[in-house]
Structure formats: structure tokens, C-alpha cells
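Novice: Quick one: structure below, then a few questions.
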Amino acid sequence: MPREQIERQEMPAQDPQERIHNFYEVALGYPEEIAKLEAQRCLQCKKPRCVEGCPVEVPIPEFIAALRDGDLAGSIRVMKSKNNLPAICGRVCPQETQCEAMCVLGKKGQPVAIGRLERFIADWERKTGVQKPDIAPPTGKKVAVIGAGPAGLTAAGDLARYGHKVTIYEALHAPGGVLIYGIPEFRLPKDVVRAEVDYVLSLGVDLVLDCVVGKTLTLEDLFADGYEAIFLGTGAGLPMFMNIPGENYNGVYSANEFLTRVNLMKAYRFPEYDTPVKIGKRVAVVGAGNVAMDAARSALRLGAEEVSIVYRRSRDEVPARAEEVHHAEEEGILFKFLTNPVEIYGNDKGWVRGMRCIRMALGEPDSSGRPRPVPIPGSEFDMEVDNVIMALGTRPNPMVFTDAQGIERTRHGTIVGDPITGRTTRPRVWAGGDIVTGAATVISAMGAGKRAAADIDAFLKGVFTEADWHAKKEEVPAAHP
Amino acid sequence: MYEILYREDLAPVTKLIEVKAPLVARKARAGQFVVIRVNEKGERIPLTIADFDREKGTLTLIFQEVGKTTMMLGTKRAGDYLASVVGPLGHPSEIENYGTVICVGGGVGIAPIFPIARELKQAGNKVISIIGARNKDLLFWEDRMRSVSDELVVTTDDGSYGRKALVTEPLKEMLAAGLKPARIWAIGPAIMMKFVSLTTQPFGAPTIVSLNSIMVDGTGMCGACRVSVGGQTRFVCVEGPEFDGHQVDWNLLLERQRIYMDEEKRALEHWKEHGCQCDDGC
Ligand SMILES: Cc1cc2nc3c(=O)[nH]c(=O)nc-3n(C[C@H](O)[C@H](O)[C@H](O)COP(=O)(O)OP(=O)(O)OC[C@H]3O[C@@H](n4cnc5c(N)ncnc54)[C@H](O)[C@@H]3O)c2cc1C
Ligand SMILES: Cc1cc2nc3c(=O)[nH]c(=O)nc-3n(C[C@H](O)[C@H](O)[C@H](O)COP(=O)(O)OP(=O)(O)OC[C@H]3O[C@@H](n4cnc5c(N)ncnc54)[C@H](O)[C@@H]3O)c2cc1C
Ligand code: SF4
Ligand code: SF4
Ligand code: FES
């Protein structure tokens with residue numbers, strides 16, 4: 001078939017009526033023939049715009065060409081030169097605002113399904129066995145990585161490949177960060193995450209779980225123990241509430257608590273697993289990001305009959321990935337746009353009974369560039385609900401800083417870090433991911449981990465010293481083996 | 001994995017274990033707690049650090065079997081392992097030489113009050129302690145408490161040992177007789193801490209309580225543990241566990257402790273029927 005006539009290939013998915021009763025993965029991935037067909041659509045642009053849209057500059061046309069030609073091993077090798085976690089990124093990157101948004105085919109028709117191809121190639125590798133990369137000879141230098149989310153795992157993997165001895169310290173009892181406690185099984189199976197973690201550990205990285213840095217150990221303890229560099233990848237895990245009356249009623253959850261119970265603690269398999277979660281018939285989720293979609297769709301799978309997303313702006317401003325919004329709609333999640341809660345009310349036993357909301361109109365753009373929602377006076381109305389889940393965004397957890405000297409932070413609690421090198425204001429301490437940017441994306445956290453690892457390596461090899469720390473920003477040292 | 005080195009039954013439903021967790025022991029201080037998981041499928045539950053030994057790298061935990069997780073923990077013996085021990089979490093108690101202090105421990109709350117009383121004593125305070133339980137069988141560590149107290153009153157609800165009274169009764173008499181303690185610490189079931197706070201409020205005696213809200217992570221990331229203190233929402237795990245008892249919204253705490261009552265019953269029945277189904281071979 002001529003290339004121009006091939007349409008963007010749909011990815012098979014579980015039937016909506018079936019999947020709302022289980023936690024299995026919704027999107028099923030391309031079969032090989034379909035992947036190759038989709039790969040043929042790529043024009044192999046000389047100046048590929050798609051690459052500019054990818055935060056880690058995956059060599060997109062190259063990996064697609066190899067896939068198209070049936071060289072799957074070559075394809076994954078190209079991919080992994082820039083992206084250590086393709087099975088994850090292929091599933092959760094907001095492609096429609098990144099790589100695929102820039103694809104030239106998208107100007108007139110549908111962009112190449114870059115994310116789906118990325119997922120295909122990574123799943124192929126997981127099935128056939130992962131090749132271990134070359135590891136540089138040991139340098140004898142010790143590096144501590146705090147937090148086992150995408151930023152920390154990526155930094156640790158690269159540092160190990162440069163030959164350094166890396167130990168990751170993680171507060172929870174399982175590695176993966178948001179990938180394990182936040183994003184549900186039906187969107188990102190935990191064996192995919194586990195495989196990526198195992199890969200990093202196979203490079204010789206040590207992992208210490210149940211270790212809350214700032215409590216169990218402090219940064220000063222780590223320096224005293226002989227670590228020469230520390231990377232902070234502790235994310236933005238602190239939940240926000242609206243500070244409206246009634247938020248402490250039984251049945252009101254932060255999305256973090258709800259998702260942690262369901263994903264990390266596996267409450268959807270209660271009582272086989274011990275941790276319970278309590279979801280009634282009608283559930284309101286406040287917010288419209290990925291977190292809100294995940295919470296709403298999880299609530300549905302736990303047996304809720306009516307789940308509403310309550311969002312103060314309009315459909316056009318919804319920040320979640322397009323695919324998640326689409327899947328949520330297919331599953332029957334209701335969307336209440338231009339609506340904002342003002343109060344939660346309860347019964348005499350302290351349980352949620354309903355939520356009072358006010359309708360909103362869009363006004364002038366605010367500091368984020370989006371139209372500011374303004375309440376319409378007198379438009380209050382009540383929704384009867386059994387649960388409210390607050391998915392309003394998160395801030396960095398300050399716990400890691402207990403005795404940390406000289407690490408400057410912004411008033412939002414994020415670290416002041418160099419966007420290229422990840423250096424903080426304190427020598428020998430780097431940071432990257434959500435702790436620097438505030439809640440962002442998996443791929444941007446990975447990118448930050450990668451750049452910081454390169455800078456740490458340059459430092460440990462003496463390319464620059466503590467004296468140069470605050471001097472004019474170093475160029476990131478050239479690519480490593 | 002964290003090895004249990006020693007176990008002792010303090011009372012039919014109250015058990016003591018000593019568990020190896022050197023990193024936690026190195027940092028532990030009175031008033032702090034740990035979050036533990038018994039096994040891979042287990043829930044994360046908070047337990048106060050009742051004692052610690054930095055040299056041996058051990059923590060002493062004392063728990064009352066009230067539901068599935070604590071009962072499962074109660075089946076563990078020396079040589080068994082816990083899946084997780086995380087900590088030390090929460091702020092330590094603020095220990096200074098205040099003058100005269102009163103330490104009130106109710107039920108399993110005697111365990112966490114002990115290291116606080118000991119440190120207060122070491123700091124030079126005159127320590128008056130009141131410990132109480134529903135009956136004689138639930139009482140423990142009278143000797144330890146005596147060893148760190150200048151005065152000790154023991155009560156039981158049913159009079160099976162010591163004075164037949166609730167801990168609030170001797171406390172009220174002391175305050176009514178004109179004793180002016182610089183601080184009172186009260187640890188026990190929420191309902192007991194509530195009534196201690198109500199007892200001391202009219203006398204204006206500063207009262208510190210250690211709140212036992214439901215928790216998941218214990219590091220501030222979920223908000224399960226939120227309570228209202230002085231009209232403000234606070235996270236017990238990172239901002240507490242100790243708060244001014246006169247400012248706590250006790251009814252909210254008591255209501256929030258009951259969120260999972262039905263599920264707790266189901267979990268316990270499931271466990272009694274099927275036994276432990278985890279893969280750890282316990
Ligand atoms: C529900 C949900 C859905 C999302 N969906 C998407 C999506 O579809 N696509 C996308 O691109 N992004 C998504 N995101 C955002 C994305 O997951 C994050 O941007 C990304 O995980 C940030 O990575 P990180 O490594 O900086 O931090 P995290 O993933 O937050 O990892 C930080 C780790 O550090 C640990 N830690 C914290 N403090 C300490 C301490 N003191 N000591 C030791 N360890 C500590 C934490 O336990 C955690 O494991 C989603 C986020 C959520 C919550
Ligand atoms: C800071 C803190 C310190 C504590 N210290 C001790 C201690 O030293 N000794 C002791 O015996 N108990 C202590 N507790 C209480 C102990 O955590 C609960 O008894 C235990 O979680 C009960 O679990 P279960 O499965 O056996 O019982 P369940 O049947 O699940 O519940 C019984 C009771 O425990 C409460 N509870 C249930 N799950 C949790 C949870 N995840 N977190 C907190 N409470 C829960 C419930 O509100 C209920 O009232 C402490 C609690 C807190 C918050
Ligand atoms: S990593 Fe994400 S943004 Fe980059 S190419 Fe892959 S899917 Fe696109
Ligand atoms: S812009 Fe689109 S067509 Fe061009 S190389 Fe990238 S994916 Fe292929
Ligand atoms: S237990 Fe999760 S925030 Fe306190």
C-alpha cells in the first residue's frame with residue numbers, strides 16, 4: 001500500500017464495559033504487523049521536528065526506521081541511547097503535546113503514533129530479554145540517590161554505567177515513585193515498572209527501602225558515610241486540599257491517599273491484601289489532570305456507580321493526557337466543567353453526604369496563561385455524593401531537608417536547581433524531577449535525572465570542582481560511552 | 001526484612017517485641033513512632049517506639065491485639081521477620097527541666113509514656129505518674145514506671161488491682177488539691193486522652209497528648225492522619241504526634257478512627273478463616 005494511504009493505526013483496547021470491572025491494562029499494544037504498518041507512515045524527515053518535541057530527544061526517525069525494517073534489536077538500542085524507560089514513556093507520555101504534537105504529518109492529518117511504537121519496541125524487548133549495556137570500570141566513587149522515582153532511577157542507572165557505586169534510598173517499601181503508588185495498574189502494569197527497576201539494579205545499583213532521608217538518615221550522615229555526591233529525586237508528593245469547610249469528613253480523600261491505598265497497598269484486592277479503601281455509590285473527583293482521571297477510573301473499578309470529574313475550567317483547559325480523557329469518557333465518567341466546590345457537608349456520624357458547588361465563567365487569562373475561572377454569584381447547587389477525592393496537585397515534601405544546609409528553595413517548596421545540570425545551591429548536591437519543577441511528567445523527570453548524572457560524572461572525574469560550582473554554568477559534558 | 005530478636009507477653013492481649021532496625025535505633029528518641037508492615041500483603045500501621053538500644057540496634061515495640069494486623073503480629077516469635085520498619089517518624093517529645101510534671105498512661109499507652117517519663121526524670125523533673133487499665137490483666141510495666149517516677153498511682157476500671165478508678169480521678173484530685181504541674185503528658189486511647197484534656201482544662205494545666213489517627217505512609221504524603229487542632233487541619237505523622245490536648249477536636253479524631261470499622265471486621269474474619277495467605281511462609 002502506498003505510504004500516503006495508510007491511516008494512523010488504532011491500538012486495540014479492552015472493551016469499556018468489561019474493563020470497568022477489572023484492573024487489567026486498558027490499552028493492549030500494537031501487534032507486530034500493525035506496528036510495522038504504522039512505522040511506514042513516518043516520512044523519515046531530514047530535520048525531524050518530532051525530536052524537538054521530546055524532552056530527551058529520542059532519535060525518533062531512526063528507531064522507527066529500524067522497526068519498520070524489522071531490526072527490532074537495533075530499534076531498541078537507538079531508543080535506549082536517550083531513553084532508559086521506553087515501556088513506561090510509551091504508555092504515559094503526553095505525546096499529543098510533545099513528540100506527536102510536532103510531527104509534520106499532524107499538520108494536515110494524523111501524526112505518526114510515536115508513543116505506541118515506542119511501547120511496542122520496549123514490550124518486545126521485555127519479552128525477548130533485556131541486553132545489558134556496557135559498564136565503565138569502577139571509579140571507586142560513591143553516589144547516593146534519594147528517591148526511587150523516574151528521576152532517581154534514571155540518574156542511578158546512568159551513574160552506574162559511568163562506573164560509580166550508587167545506592168538509592170527510598171522512603172516507601174517499594175521502588176518506582178509515582179509509577180508504583182500513583183499511576184494505576186490498568187494504565188501502567190506494575191510488572192513493567194518492576195522490570196525497569198530490575199534493569200537498573202542489574203547494573204550494580206544498591207537499593208535501600210524503608211529509609212526516609214531526613215529521618216532515618218540525613219544528608220549530613222550520607223556525606224559522613226563517604227558519599228561524594230548526592231542526587232535528590234524525592235518528587236512532589238505532598239497533597240493539597242482546598243481549605244473549604246467539611247474536608248475532614250470521613251469519605252474525603254486526597255488523591256494521593258486514595259491512589260496509594262489502591263495501587264501501592266493493593267486495596268482493590270482487599271481482603272487478600274490488608275489495606276482497605278472505602279468507596280460508595282457516588283464519587284466526585286475534584287480536578288482534571290492525570291491524577292484526577294486515575295482516581296475517577298479507579299473509583300469506577302472499585303464499584304462506584306456514578307463518578308464525576310468536577311473541574312473549575314472548561315474542557316479546553318483539561319490538563320490530562322488526551323488518551324486518558326478519551327478512555328474515561330468511554331467508561332462513563334461524567335464531566336462537570338466550570339464547576340467549583342465551596343463546601344462539603346456531612347451527616348451526624350461524620351460521613352460525607354454531599355458537596356455544594358458554584359458555577360464558574362472564564363475570565364481574563366491568569367499567570368498560567370489560561371483563562372481565569374470566576375464564580376457566578378448565586379449559582380450554587382448541591383451534589384449528593386458519598387466520596388470526594390481531591391486531585392488538586394502536589395508540592396515537594398520538605399522532610400528530606402531536615403538538617404540540610406544551604407539548599408535554597410522557592411516559596412512553592414521546590415528546589416532552586418540549575419535546569420541543565422541539576423546543581424542545587426549547595427556543592428555536591430544535585431536535584432531533578434518534580435522536586436525542582438513541581439508536579440510535571442515522567443519524561444521530564446527522567447531527562448533531569450540523565451542530565452544530572454552526566455554533570456555528577458563530570459564532577460567526580462574532576463572536569464570541574466567545588467570552586468567552579470557557582471561559576472558560569474558548565475556545558476553539560478559530551479555524551480558518555 | 002527486620003528480625004524479631006525477643007518477644008514477651010505482657011498481658012494476654014499485650015505483647016512486646018524487640019526488633020532489629022539499627023538505622024532507626026540510631027536516631028530514635030522518646031515520643032517518636034515507626035510504621036511497620038508484618039508481611040508483603042500487610043497494611044502499614046504505626047507503633048510507638050517504647051524503647052530503643054542504640055548499641056544493639058534494636059527497638060522495643062508494645063502493641064495491643066485489637067484487629068487483624070496486631071493479631072497477626074502477635075503470632076510472631078523471636079527469629080521471625082517483619083517486612084518493614086520505617087522511622088523514626090514524628091517529632092520527639094520536647095524534654096526539658098520544667099519542674100513538676102505528670103505522666104498519664106492508659107492501657108497500651110503505658111508503653112509510650114515510659115520513655116518520656118524516663119527522659120523527663122533524667123532532665124531533673126519531679127515526675128508524678130498515673131497509669132491505668134481496664135483490669136489487672138491489661139496492666140504492665142508498673143515496676144519500670146515506678147523506677148522513673150517520684151510518685152506512682154495505679155488504677156483499674158474494675159478495681160482488680162490498685163485503686164478502682166479511671167486515670168482522670170486521681171489526676172483531678174491532685175489538681176484540685178492545688179498541684180500546679182508545669183506540664184502533663186497523657187497517652188492512651190483517644191477517649192481517655194479526651195477526658196484527661198477535659199479534666200485538666202479548667203485548671204489551665206498544659207496538657208500534651210499523642211494522637212493515634214489512622215495512617216498510611218507516615219511521611220506526610222497522604223493526609224489520612226489529618227486532625228483538627230485549634231481549628232486548623234494538621235497531619236499527625238509529620239506535625240505531631242504530640243499536640244496541645246485542649247486544642248484537639250476530639251470528636252473528629254474519634255469519628256475518623258472509625259472509617260474502616262466494617263472492613264476491619266471483614267479483614268479479621270477473612271484471616272481467621274483462611275489464616276495468613278502471604279507468600280512469606282509465616
Ligand atoms: C496519579 C498520577 C498520574 C500521573 N500520570 C502521568 C502521566 O500519565 N504521564 C506523565 O508523564 N506523568 C504523569 N504523572 C506525573 C509523573 O508521575 C511525575 O512527574 C514523575 O513521577 C516525577 O518523578 P520524580 O522521580 O521526580 O518523583 P516521584 O515519582 O514522585 O518519586 C519520588 C520518590 O522519592 C521518594 N521520597 C520522597 N521523599 C523521600 C525521602 N525523604 N527519603 C527517601 N525517599 C523519598 C518517594 O517515596 C518516591 O518514591 C502522574 C502523577 C500522578 C501522581
Ligand atoms: C502515632 C501512633 C502510635 C501508635 N502506637 C501504638 C502502640 O505503641 N501500641 C499499640 O498497640 N497501638 C499503637 N497505635 C495504634 C495502632 O496503630 C493500631 O492499633 C493498629 O493500627 C490496629 O491495626 P489492626 O489491624 O490490628 O486493627 P484494626 O481492626 O484495623 O483497627 C482497630 C483500631 O485501630 C485503628 N487503626 C486501624 N488501622 C490503622 C492504621 N493504619 N493506622 C492507625 N490506626 C489504625 C482503627 O482506628 C481502629 O480503631 C498507634 C497509632 C498511632 C497513630
Ligand atoms: S519519550 Fe515521550 S516525548 Fe519522547 S519520543 Fe517517547 S513518547 Fe515521545
Ligand atoms: S516528524 Fe513525523 S514524519 Fe517526520 S520523522 Fe518525525 S515522526 Fe517521522
Ligand atoms: S500518614 Fe500519610 S500523611 Fe500522615
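Novice: Using helices alone, I'd like the mean residue ellipticity at 222 nm for chain B: each DSSP H run of four-plus residues gives -39500 (n - 2.57), total over residue count, nearest 500.
Specialist: The per-residue figure over chain B is -7500 deg cm²/dmol.
Novice: Out of region B:170-273, which trypsin sites (Lys or Arg not before Pro) are coil in DSSP terms and have no more than 11 other C-beta atoms within 10 Å?
Specialist: Passing both the DSSP loop test and the Cβ count: no residue.
Novice: Related question: Only bridges whose two residues both fall in region B:164-282 count here: according to DSSP, what percent of them are antiparallel, nearest 5?
Specialist: In region B:164-282, approximately 75 percent of DSSP beta bridges are antiparallel ones.
Novice: Going down the list B:LYS164/B:LYS265; B:LYS68/B:LYS136; A:LYS281/B:LYS272; B:LYS56/B:LYS272; A:LYS142/A:LYS215, which pairs span over 26 Å between their C-alpha atoms?
Specialist: The pairs that break the limit, which is 26 Å between Cα atoms, are B:LYS164/B:LYS265; A:LYS281/B:LYS272; B:LYS56/B:LYS272.
Novice: Any idea what diffusion coefficient region A:131-263 gets from Stokes-Einstein, in µm²/s, Kirkwood Rh on alpha carbon pairs, 20 °C, 1.002 mPa s?
Specialist: 132 µm²/s
Novice: Can you list, bin by bin at 10 Å, the percent of alpha carbon pairs in chain B, starting at 0?
Specialist: 7, 29, 37, 22, 5, 0
Novice: Rank-order B:26-33, A:397-404, A:439-446 by packing density, defined as the average count of other C-beta atoms within 10 Å over each peptide's residues, highest first.
Specialist: In decreasing order of mean packing, B:26-33, A:397-404, A:439-446 become A:439-446, B:26-33, A:397-404.
Novice: Give me the compactness ratio for region B:68-163, meaning the Cα radius of gyration over 2.2 N^0.38 Å.
Specialist: 1.27
Novice: Two decimals, Cα atoms only, Kirkwood Rh: what is Rg/Rh over region A:184-256?
Specialist: Radius of gyration relative to Kirkwood radius: 1.10.
Novice: Based on the alpha carbon coordinates of region B:122-230, what radius of gyration and maximum Cα-Cα distance (Dmax) apply, in Å?
Specialist: Using the Cα atoms of region B:122-230, the pair Rg, Dmax is 15.6, 46 Å.
Novice: Please report Rg over Rh for region A:1-117, where both radii come from the alpha carbon positions and Rh follows the Kirkwood definition.
Specialist: On the way: Rg = 14.4 Å, Rh = 14.8 Å.
When Rh is taken as the Kirkwood radius, the ratio is 0.97.
Novice: Measure nothing but the geometry: give the 0 to 90° angle between the long axis through the Cα atoms of B:110-122 and the longest principal axis through the Cα atoms of chain B, rounded to 10°.
Specialist: Helix B:110-122 and the main axis of chain B meet at about 50 degrees.
Novice: By its C-alpha gyration tensor, with a ≥ b ≥ c as the square roots of the eigenvalues, how is region A:310-375 shaped: rounded for a/c under 1.5, else prolate for a/b larger than b/c, else oblate?
Specialist: oblate
Novice: Where both residues lie in chain A, what percent of DSSP beta bridges are antiparallel, nearest 5?
Specialist: Of all bridge pairs located within chain A, approximately 40 percent are antiparallel.
Novice: Give the dimensionless ratio obtained when the Cα radius of gyration of the protein assembly as shown is divided by 2.2 N^0.38 Å.
Specialist: 1.02
Novice: Using a Förster distance of 30 Å, how high is the FRET efficiency between B:ARG29 and A:HIS470, based on the Cβ-Cβ distance and rounded to 0.05? All intermediate terms of the calculation are to be shown ahead of the outcome.
Specialist: Working: r = 36 Å, r/R0 = 1.21.
The computed FRET efficiency comes out at 0.25.
Novice: List the residue ranges in chain A for DSSP H helices whose C-alpha atoms run 24 angstrom or more along the long axis and whose Kyte-Doolittle average is 0.5 or above.
Specialist: Details: long enough: A:442-460 (27 Å, 0.82).
Span-like helices, by this rule, are A:442-460.
Novice: What does the convex hull of the alpha-carbon atoms of region A:230-303 project to on average, in nm²? Don't skip to the end; give the middle numbers.
Specialist: Numbers: hull surface 26.5 nm².
Directional mean of the projected Cα hull area for region A:230-303 stands at 6.6 nm².
Novice: Between the DSSP loop rule and a limit of at most 16 other Cβ atoms within 10 Å, which GluC sites (Glu not before Pro) in region A:1-96 are left?
Specialist: Those that pass, being in a loop and sparsely packed, are A:GLU7, A:GLU10, A:GLU57.
Novice: Quick one: in region B:1-40, what % of C-alpha pairs are over 15 Å apart?
Specialist: Above the 15 Å cut-off, region B:1-40 has 53 percent of its Cα pairs.
Novice: With a ≥ b ≥ c the root eigenvalues of the C-alpha gyration tensor of region B:85-134, is it rounded (a/c under 1.5), prolate (a/b larger than b/c) or oblate?
Specialist: Taking the square roots of the gyration eigenvalues as a ≥ b ≥ c, region B:85-134 is oblate.
Novice: Another one. With charges set only on the Cβ (+1 for Lys and Arg, -1 for Asp and Glu), what does the dipole of region A:275-383 come to about its Cα centre, in debye to the nearest 20?
Specialist: Dipole size: approximately 280 debye.
Novice: What percent of all Cα-Cα pairs in region A:355-423 falls in each 5 Å bin, counting up from 0?
Specialist: So the P(r) values, bin by bin, are 3, 10, 12, 14, 14, 12, 11, 10, 8, 5, 0.
Novice: Next question, about the same structure. Report, in degrees rounded to the nearest 10, the 0 to 90 angle that the Cα long axis of helix B:190-200 makes with the longest principal axis of chain B.
Specialist: 10 degrees
Novice: Specify the residue with the greatest mean-square fluctuation among B:GLY240, B:GLY87, B:GLY162, computed from a Gaussian network of chain B linking alpha-carbon atoms under 10 Å apart.
Specialist: Among B:GLY240, B:GLY87, B:GLY162, the largest mean-square fluctuation in the Gaussian network model of chain B belongs to B:GLY162.
Values quoted throughout were computed directly from the atomic coordinates according to the rules given, and no laboratory measurement underlies them. Because the structure is a prediction, the values reported are computed rather than measured. No Cβ is skipped: glycine too gets one built from the backbone with ideal geometry, and neighbour counts run over all protein chains shown.
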